[in-house]
Every structure is written in structure tokens, then in C-alpha cells.
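The values are calculated or read from the model by the stated rules, or taken from the named source; none is laboratory data. These numbers come from a predicted model, not from an experiment. Glycine gets a Cβ as well: all are built from the backbone with ideal geometry, and neighbour counts include every protein chain shown.
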Amino acid sequence: MEYTLKKFFGYSTFRPYQKEIIEKILEGKDSLVVMATGSGKSLCYQVPPLIVNKTAVVISPLLSLMQDQVMALRQRGIKADHISSAQTDSRVQHIAASGQFDILYMTPEKACSISNNFWSNLLDKGISLLAVDEAHCISEWGHDFRVEYKQLGKLRGILPNVPFVGLTATATEKVRNDIMDSLEMRDACVTIGSFDRTNLFYGVKSFSRGVLFVDELVGEVSKCVATAGSTIIYCTTIKDVQQIFESLLKAGIKAGMYHGQMGNKAREESHRSFIRDEFDVMVATIAFGMGIDKPNIRYVIHYGCPKSLESYYQESGRCGRDGIASMCWLYYTKSDFVKADFYCAEASSVSQRTAIMQSFMAAQRYCMLTTCRRKFLLDYFGEKNTPDKCGTCDNCTTSRKESDMSREAFLLISSIRSCGNNWGLNMPIDVLRGSRSKKIVNAQFDKLPLHGLGKELSANWWKALGYQLISHGYLTETIRETFKIVSVSPKGLKFLSSSKPDDQPTLVLPVTS
Ligand code: ADP
Ligand code: ZN
């Protein structure tokens, strides 16, 4: 194994997990590999075919990605090629069927539509493994479900004794199980590397939309470009992409653009120029995605709250692949949070809709967080025993003024309980602020003793407190059908029972604006 690693890739040692994964594949076991971007997953399926001298078939979602990989492998003296449904020339397919390639890439459509004859010919020569890259695309619970991926399960029937390897950088437990079920993996060896990208700094800022803010953003980016290097700015709409792109150009910054309304050719051109450092800043929608294997991206900015933490983690994770310190900043406005319906439009069932809402809610919570961002991300991905403070996120490095919010917290938690744990944050806050809206009068919430006790503070102030109480576990946010419901958690109940408005234990929280 070490010989092959050195001979073809020029590396002397394996990175963590690589060797164990390769050994299991060589034993013929199915494997699920969940490891952070840049941790070296590709090597796990590239080495076995070179050892046993049998073709590895790799399913990959994007043509451009496959082409890049094929080129890189050929430069290392590895026989590689790709076949897709777009090809009219069947020569490559013939050569492939005769087992002449070490590594053969295929789109999922092609893998599912290619003739059984092809598979049986190739099987005669021997297949070392079938790898499914970006395997989270197979799951409706993932953040990037692709219908073409769902079909891949049928390959198991055709290739019963070939080890299957699923690889992804992000997968919650649900998605992991879904991948293994869909690919009909048997007794798979599951490897989950750490999600912690220690060289990345995480930060969040809230902003108000407008020209002033765009100027501020451009200023920030120009500072970064001058000192560091490549930057990606992810926008939630094409309109934003265009606006920011133009502002950057006006400021004399070399920038490029990438979004779904550009033609294929223009997009490829833009991607290539970025990889070759012909401009410094790529302004893009999330269509600019998989396969950005550029090592020296120093700065990833999200302009607008992303649709899930999975996609945020993956997009922000494109920086610092070379291990050098890099930054991930997220800019959001409160108005981003009403986009749930927009994201839910993709849903084809109630359960999928709920899944989308839940993912989006987690992203919102990340925005509002006042505790360590890295811990929150790592906890979300199921990593155990993460320290409370990382020291390299905005919340760990900036000291906030804190004050005793016990009275306010008591009022808000009580109001939520008094309203029956049955609403979002707005209703209990309106009650505290003394509203006599029809809804409140009908429900007789205006008769509650705490009605009007929180008049002196704004609705937004109370909401910010509510989000903090959620992130500290005093309140629980859930989804009922398509509504967010906030209820008092056991921790919140304990807080209430041990206190009266003027006699509470102290609850010190950062001051909210
Ligand atoms: P992933 O697919 O997990 O995002 P890649 O497979 O693209 O990561 O690997 C990221 C980088 O690390 C690549 O440039 C790769 O050549 C390099 N790499 C992989 N394995 C090793 C190793 N054992 N030693 C040194 N570099 C490695
Ligand atoms: Zn931190």
C-alpha cells in the first residue's frame, strides 16, 4: 500500500483513516466514508484498483468534476477516463468494458442505463470497487437530493460481490442510514472522521440590505484580497450576485461570476479562470458547488442565511483546503428567515417539507448564536465531547457585554407557558407587550397577569432574547406541519419553578441589541 501511495501519488504516509478504509475495501467489505472536505477521501478509492489491478468504477455527479479528476490521474500515470450519457462515441465504453482502465468515472444516469452486457464484460475482467462520490445526494434527507442518485441501488443486483464505497463530507445519522439502505450495503464499515476544520475561523454578522452595506462588504473583501487571496462570495439570489459583482468591479477588484442563468460554457470558463487565479473573487449562487478543488481559498462569505447547516458547512468548507488559516463569514438579515416557503417549494411530501424547515431552522439558529459556533456545528453533526469554546470563532474571540436577564427571561418563558406552549415566539411576545389583537382577546390572553409587563422593550428585543433562550436550551423550537412552535423545555421549567419575578436565580446572557 505504501509503495503504491509513493509510486503514483508521491506521498510517504497515509492520512488518518485512509489506510484502514483501503484495507477494508481490499477485504471486500462495503464502506461508508464520512470525512471533511480536503481530508483525502478520493485516495481511498483510487489506491485499491492500483493494488489489485482491477478497474474501480466511480459514480460522480458532475461532468466537469470527472474531467478534472481524470486529468489529474493521468498526470500521475494512472489509466483513467469517464463515460457519460452525453458521449456519442462509444469507443471509451468498449475500452472500459475490457477492463483497461484503473479508474473509470461515470455519471449516475450512465451507470443505471448502461447495458448489462457492459457490466458482465467488465465483471469478467474484475471490478475492484464501486465508489459513489457525494453519496449524500442519494438521500431525500440530505441537502442536495438528486433523483438520478436514487436509482443507484439497482447496481447492487448487478454487482453483488463488488465492494461498494459511499463517500460524503456531510451526513447526519439519518442520511448515513439512508445511504447504506439505498445502496443495499451489507454490514458496511462506517468511518466518520472529525468534522472539525481546525484552520477555519467562523463568524457571523447581521446587516441591513442596501447600498451602504454592499460598500462595507466590498471594503472587507478588498482588504482580504490584498493580504490573502482567493475569495468566494455565496449569494442567495442571482440579483445579488450581479449587484455585488458589479460593485467589486467598480472598486477595481478582479472578480468573476457563476450562476444558473449563465450558459454552460460561460460557467465552465468562469470556474476555470477562478481555479487558475485569473481573478480573486468569485461571486456565485450555490450552483457553484461540488468539485471546487482549489487549495488556496482564504475567505468564504455567505451573503444571506443559507438553507441548511449541511450546505453551509460544505460551502464554507471550500476554503483552507491546504490547511492554512482561512475565514468563513456569514452575513444575514432577519428578512432571510422568511424564506422557508421558498425552500419548501422543492418538497414533494409533508415529511420532506418538515425536513427542509428543520434544516433551515438550524441555519437560523447558527446565525443567532451567542455561544461557540464551532461547537454548535460539531454538535449538529453528532461529534461527541466537543469543548465549549474553540477560541477561533467570533463568539469565542469577542467579549460581549453580559448582563443579568433573569427577570426578562422569566417573563418570556412564563408567557410561552401561559399561552399553552402552542405558538411561535410572536404570540407570547405580543402578550408581554400588551397587545389586544383579536387573536389575543379571543384566547383571553389579555387576562393573563403578565399581559403588558414587557411593554418597555421592543418586539425585536424580545425575539432576540427568545433565540438566545432557545440556544441555551431553556426553550425548544419544533415544527408542527409548517409552523414553528416554541415551548418551554425541562430546563426552562426548572428555571421557572425555582424563581418568582423578583426572586430568581441569575441568568446572565449577552446583551442583545
Ligand atoms: P476530499 O475528497 O476528502 O475533499 P481530496 O481527496 O480531494 O479530499 O484530497 C485533498 C487533498 O489532499 C488533495 O490535494 C490530495 O492529493 C491530498 N492528499 C490526500 N491524501 C494524502 C496523503 N496521504 N498525503 C498527502 N496529501 C494527501
Ligand atoms: Zn468558538
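Assorted remarks:
- Some residue of the stretch 273-286 being within 16 Å of ligand 1 (Cβ to nearest atom) and either within 26 Å of LYS174 (Cβ to Cβ) or surrounded by fewer than 21 Cβ atoms within 10 Å (Cβ to Cβ) (or both): yes
- ASP322 satisfies every condition listed in (1) assigned to a helix (DSSP H, G or I); (2) surrounded by fewer than 20 Cβ atoms within 10 Å (Cβ to Cβ); (3) out of contact with any Leu (no Cβ under 7 Å at 6 or more places or on another chain) except (1).
- Listed by position, the helices (runs of 4 or more DSSP H) enclosed by the stretch 7-92 that each have at least 2 residues that are surrounded by 15 or more Cβ atoms within 10 Å (Cβ to Cβ) and touching a Leu at 6+ places or on another chain (Cβ under 7 Å) are 18-26, 42-52.
- Subset of the stretch 93-105 [surrounded by fewer than 17 Cβ atoms within 10 Å (Cβ to Cβ) and part of a loop (DSSP other than H, G, I, E, B)]: SER98, GLN100
- The residues of the stretch 37-69 that are away from ligand 1 (no atom under 14 Å from the Cβ) and at pLDDT below 95, listed by number, are LEU63, SER64, GLN67.
Here's the yes/no breakdown for (1) part of a helix (DSSP H, G or I); (2) buried (at least 19 other Cβ atoms within 10 Å of the Cβ); (3) modelled with pLDDT of 90 or more:
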{"position": "HIS143", "(1), (2), (3)": "no, yes, no"}
{"position": "ARG156", "(1), (2), (3)": "yes, no, yes"}
{"position": "GLY166", "(1), (2), (3)": "no, yes, yes"}
{"position": "ALA171", "(1), (2), (3)": "no, yes, no"}
{"position": "ASP181", "(1), (2), (3)": "yes, no, yes"}
{"position": "ARG186", "(1), (2), (3)": "no, no, no"}
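- Unique residue being within 16 Å of ligand 2 (Cβ to nearest atom) and within 17 Å of the chain's Cα centre (by Cα) when the list is CYS390, CYS396, CYS367: CYS367
- Yes/no for ALA362 being touching a residue at least 40 places away in the same chain (Cβ under 8 Å) and more than 16 Å from ligand 2 (Cβ to nearest atom): yes
- One residue alone among TYR299, TYR234 is aromatic (Phe, Trp, Tyr) and modelled with pLDDT of 95 or more, and that residue is TYR234.
- Restricting attention to the stretch 125-138 and to residues that are over 14 Å from the mean Cα position of the chain (by Cα), within 17 Å of ASP30 (Cβ to Cβ) and not charged (D, E, K, R), the residue that is nearest to ligand 1 (Cβ to nearest atom) turns out to be ALA131.
- Inter-residue pairs, beta-carbon under 8 Å, first within 22 Å of THR191 (Cα to Cα) and within 16 Å of ligand 1 (Cβ to nearest atom) and in the stretch 374-399, second modelled with pLDDT under 90 and hydroxyl-bearing (Ser, Thr, Tyr), 6+ apart: PHE381/THR170; PHE381/THR172
- The residue that is nearest to MET327 (Cα to Cα), counting only those in the stretch 276-288 that are in contact (Cβ under 8 Å) with a residue 40 or more places away in the chain, part of a loop (DSSP other than H, G, I, E, B) and in contact with a helix residue (DSSP H, G or I) (Cβ under 9 Å, 6 or more places away or on another chain), is ASP280.
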